[in-house]
């Protein structure tokens, strides 16, 4: 799974509303629905319900100001429908984070199948563990800068 391609599809969104995880996820799904980022075959209400069910089982906040919300099941009917959307909330959010820190960057991961989902989450976690990428997130860098960094961090194999 190419994180750059996935982030291009999902986009980077600023000033997300909501005062907690539930409100932020509702706002995020609304933004994605209005911008036609959700695949046509997926109902926004079903995506939100799946995201909230996943949060209810266990928080997707990782600590360090990050959350990786994702549906409980594959929601992208085709691999080309998969995406990662990054949301910077208007205000840091309370999100049941293991370190108690508020969330400042939300990566919503919507995948086609469990294998691709785990690969995307793993690569995203690896990137977020990198201090250079974290600096970009801390200053709310935009899509072009984040994608350029990810492209250099995960170079495509030459053929």
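A few remarks follow.
- Selection status of residue 85, modelled with pLDDT of 95 or more and touching a helix residue (DSSP H, G or I) at 6+ places or on another chain (Cβ under 6 Å): yes
- Exactly one residue out of 129, 125 is closer than 12 Å to residue 66 by Cβ and in contact with a strand residue (DSSP E or B) (Cβ under 9 Å, 6 or more places away or on another chain), and it is 125.
- Of 154, 107, 133, all but one fail to be over 28 Å from residue 50 (Cα atoms) and in contact (Cβ under 8 Å) with a residue 40 or more places away in the chain; the exception is 154.
- Per the listing 7, 16, the residue uniquely buried (at least 20 other Cβ atoms within 10 Å of the Cβ) and within 20 Å of residue 74 (Cα to Cα) is 7.
Yes/no matrix, rows are residues, columns are (1) in contact with a strand residue (DSSP E or B) (Cβ under 8 Å, 6 or more places away or on another chain); (2) farther than 19 Å from residue 138 by Cβ; (3) surrounded by 14 or more Cβ atoms within 10 Å (Cβ to Cβ):
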residue	(1), (2), (3)
50	no, yes, yes
65	yes, no, yes
69	yes, yes, yes
89	yes, no, yes
96	yes, yes, yes
101	yes, no, yes
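- So residue 158, is it surrounded by 14 or more Cβ atoms within 10 Å (Cβ to Cβ) and at pLDDT below 95: no
- Failed item in (1) touching a residue at least 24 places away in the same chain (Cβ under 8 Å); (2) surrounded by 17 or more Cβ atoms within 10 Å (Cβ to Cβ); (3) not in a loop (DSSP other than H, G, I, E, B), with residue 46 passing the rest: (2)
The values are calculated or read from the model by the stated rules, or taken from the named source; none is laboratory data. Being a predicted model, the structure only gives us computed values, none of them experimental. When we count neighbours, we look across all protein chains shown, and the Cβ atoms used for this are built from the backbone with ideal geometry, even at glycine.
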